[in-house]
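Asks: If you scroll down you'll find the structure; I have some questions about it.
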Amino acid sequence: MSQSTSKKRLSREDSQAQTRARLSETAQQLFVENGYGGTSIRDIAERAGYSQGAFYSNFASKEELLLSLLRGHMEAEAVQLSSLMDSEGRTPEQILTELESWAATLNHDADWCMLSIELQLHANRSPVFATEFQAVWDAHRAGLGRVVGKLFATVKRQPPEDPEELAAAFMALTHGLALQRVGKGPDSSGRLIVLFLRGLIAAAAPLE
């Protein structure tokens with residue numbers, strides 16, 4: 001039996017998932033290199049090694065692909081944070097230390113930092129995309145808000161603002177620090193984010 005026939009064939013679902021993942025990865029690279037407006041569906045399909053028909057079999061438009069990238073990134077981030085907060089048997093200080101370690105990795109993916117800018121710029125230009133973008137963003141903010149609320153409950157402190165508002169502020173801080181970072185020097189964003197969080201906790205009133 002030849003090597004080619006001995007290899008297990010991909011199922012239709014697996015093959016489509018592989019194609020979708022390849023198109024998404026390629027689109028992210030091109031959006032970062034050329035901007036959203038400077039990247040066509042043909043560019044994405046050709047670099048990924050597929051036809052435009054294969055693109056449309058997976059995504060209705062560039063905007064749908066862009067939203068898919070955003071949703072996937074935010075869902076992965078929410079899962080990481082929820083897992084960190086759901087682990088039992090740790091002191092508040094241990095949780096904050098782990099949060100700092102996690103936050104320190106947020107801006108390591110330079111491509112995602114650039115893509116997040118493209119997302120927001122396109123949302124400003126396209127009202128239809130802005131509505132869908134805001135829905136995904138609001139869901140992520142709500143998820144992070146639950147994490148923030150749980151953290152304050154764990155340390156037995158009253159959040160100084162609505163947890164979702166605090167989550168939105170930390171999201172803005174993360175993106176702002178990423179934009180201001182120049183070159184490849186040390187990334188202090190994780191330490192700064194948790195420094196602000198520690199300050200809020202220290203100043204917060206105890207739960208009654």
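The values are calculated or read from the model by the stated rules, or taken from the named source; none is laboratory data. A quick note: this is a predicted structure, and the numbers were derived from the prediction, not measured. Ideal geometry is used to build each Cβ from the backbone, glycine not excepted, and the neighbour counts take in all protein chains shown.
Asks: Please name all residue pairs, on different chains or six or more residues apart, with Cβ atoms under 6 Å, provided the first residue is in the stretch 189-208 and is in contact (Cβ under 8 Å) with a residue 12 or more places away in the chain and under 21 Å from residue 104 (Cα atoms) and the second residue is in a helix (DSSP H, G or I) and of a type in the set (D, E, K, R).
Replies: If the second residue must be in a helix (DSSP H, G or I) and of a type in the set (D, E, K, R), the pairs left are 190/100; 194/100.
Asks: Suppose the filter is modelled with pLDDT of 80 or more and aliphatic (A, V, I, L, M); does residue 169 pass it?
Replies: yes
Asks: Is one or more of the residues making up the stretch 137-144 aliphatic (A, V, I, L, M), surrounded by 17 or more Cβ atoms within 10 Å (Cβ to Cβ) and in contact (Cβ under 8 Å) with a residue 60 or more places away in the chain?
Replies: Checking the stretch 137-144: at least one residue is aliphatic (A, V, I, L, M), surrounded by 17 or more Cβ atoms within 10 Å (Cβ to Cβ) and in contact (Cβ under 8 Å) with a residue 60 or more places away in the chain.
Asks: Starting from residues that are exposed (fewer than 15 other Cβ atoms within 10 Å of the Cβ) and touching a helix residue (DSSP H, G or I) at 6+ places or on another chain (Cβ under 7 Å), keep the ones in the stretch 22-69 and report whichever is modelled with the lowest pLDDT.
Replies: Step by step, filter the stretch 22-69, then rank; the result is 35.
Asks: Is there a residue being more than 16 Å from the chain's Cα centre (by Cα) and closer than 24 Å to residue 79 by Cα anywhere in the stretch 134-143? Spell out the reasoning first.
Replies: Narrowing the stretch 134-143 to residues more than 16 Å from the chain's Cα centre (by Cα): none.
No; the residues of the stretch 134-143 include none that is more than 16 Å from the chain's Cα centre (by Cα) and closer than 24 Å to residue 79 by Cα.
Asks: Can you spot a residue in the stretch 14-33 that is free of Cβ contacts under 8 Å to residues at least 60 places away in the same chain and more than 23 Å from residue 73 (Cβ to Cβ)? Give the steps one after another, and end with the answer.
Replies: Narrowing the stretch 14-33 to residues free of Cβ contacts under 8 Å to residues at least 60 places away in the same chain: 14-27, 30, 33.
If we keep only those that are more than 23 Å from residue 73 (Cβ to Cβ) as well, we get 15.
Checked against the condition, which is being free of Cβ contacts under 8 Å to residues at least 60 places away in the same chain and more than 23 Å from residue 73 (Cβ to Cβ), the stretch 14-33 yields at least one hit.
Asks: Does residue 162 count as farther than 26 Å from residue 33 by Cβ and either of a type in the set (Phe, Trp, Tyr) or more than 20 Å from the chain's Cα centre (by Cα) (or both)?
Replies: yes
Asks: Return the pairs, sorted by first residue and then second, in which the second residue is not in a helix (DSSP H, G or I), the first residue lies in the stretch 92-103 and is in the same structural domain as residue 153 (by TED's automatic domain parsing), the beta carbons are less than 7 Å apart, and the residues are 6+ apart or on different chains.
Replies: 92/155
Asks: Within the stretch 54-81, track down each residue that is within 19 Å of residue 118 (Cα to Cα) and polar (S, T, N, Q).
Replies: Scanning the stretch 54-81 gives 61, 68.
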